[in-house]
């Protein structure tokens, strides 16, 4: 009778590792989240609902979640294109471009916000050319579709309005998509595309039936990371948003305003709503990712 040999691991025992993991997770994540819920528990339900459903708070939710979702979708499209170019093509300056992708990670958020404001303001390097074009485009949309309040919905200028929020959230979210897709593209052999072409598939069929199914789970992961980062972003947005209540005020800024007014229960009530909404959205995205892995499995 052969005795089963236990495989030794470099890490400590299971009990010690699990205890350290749970203690670290509790101190860093669970305790702060529980403190927010406990602080809100001291409010009655009518008081909580009055804070969470006030017009200013609801408007900030729409701005934060709506623009974050749109920015994450745009990052998913252009992040996929950028990752594809960096992996599949060789061109002068490719390493420089690849390094610049990580710039939002290394750059302090306040510095990023100030830099974006200086670039896209009406007198900025880019804003002095794009801002008039944006204003004319909004005017044409208003003439073509007059029943939609386009200046309210899209803003009339780039910086210090809703487009500025979108620019900042796109800037800080793009690396998540690119860095999530690059390892998958590196593992995806170009021979698969050649085989598909040999079997008679055109380029569209090769992308949709061979390449895209392999990239779909990673793409959803990058989208989720970009969305989660954008929802809680504060430093790079507050300088370029304009911070107008009911129009371009993000929820993190409203929480800071409540704290400065010593309204701690109001701030934690808004934070709890954001936490619950973020958890629900991330759960839906994770379920979608699980479905995509099962659906696109060969």
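The values are calculated or read from the model by the stated rules, or taken from the named source; none is laboratory data. Everything numeric here is computed off the predicted structure, so don't read it as measured data. No Cβ is skipped: glycine too gets one built from the backbone with ideal geometry, and neighbour counts run over all protein chains shown.
For residue 243, the conditions (1) touching a helix residue (DSSP H, G or I) at 6+ places or on another chain (Cβ under 9 Å); (2) in a helix (DSSP H, G or I) are fulfilled apart from (2).
Take residue 249 and decide whether it is closer than 26 Å to residue 45 by Cβ and in a loop (DSSP other than H, G, I, E, B). Yes; evaluated as a whole, the condition is true for this residue. Filtering the stretch 241-280 to residues that are at pLDDT 90 or above, under 21 Å from residue 107 (Cβ atoms) and either crowded, with 20+ Cβ neighbours inside 10 Å or in contact with a strand residue (DSSP E or B) (Cβ under 6 Å, 6 or more places away or on another chain) (or both) leaves 250, 252.
With respect to the conditions (1) surrounded by 15 or more Cβ atoms within 10 Å (Cβ to Cβ); (2) within 22 Å of residue 237 (Cβ to Cβ), residue 153 falls short on a single one, namely (1).
Kindly indicate whether residue 21 is within 16 Å of residue 258 (Cβ to Cβ) and either surrounded by 10 or more Cβ atoms within 10 Å (Cβ to Cβ) or more than 30 Å from the chain's Cα centre (by Cα) (or both). It is false that residue 21 is within 16 Å of residue 258 (Cβ to Cβ) and either surrounded by 10 or more Cβ atoms within 10 Å (Cβ to Cβ) or more than 30 Å from the chain's Cα centre (by Cα) (or both). Residue pairs whose Cβ atoms lie under 9 Å apart, sitting 6 or more positions apart in sequence or on different chains, and linking a residue in the stretch 246-272 that is without any contact (Cβ under 8 Å) to a residue 24 or more places away in the chain to a partner that is surrounded by 22 or more Cβ atoms within 10 Å (Cβ to Cβ) and part of a loop (DSSP other than H, G, I, E, B), are 257/249.
Of the set (1) more than 15 Å from the chain's Cα centre (by Cα); (2) in a helix (DSSP H, G or I); (3) more than 29 Å from residue 57 (Cα to Cα), all apply to residue 201 but (2).
Residues in the stretch 38-80 that are modelled with pLDDT under 90 and within 24 Å of the chain's Cα centre (by Cα): 52 only. Filtered by the rule that a residue be in contact with a helix residue (DSSP H, G or I) (Cβ under 7 Å, 6 or more places away or on another chain) and loosely packed, with under 14 Cβ neighbours inside 10 Å, the stretch 186-204 gives 186, 192. Of all residues in the stretch 106-129, those being under 18 Å from the mean Cα position of the chain (by Cα) and under 15 Å from residue 242 (Cβ atoms) number 2.
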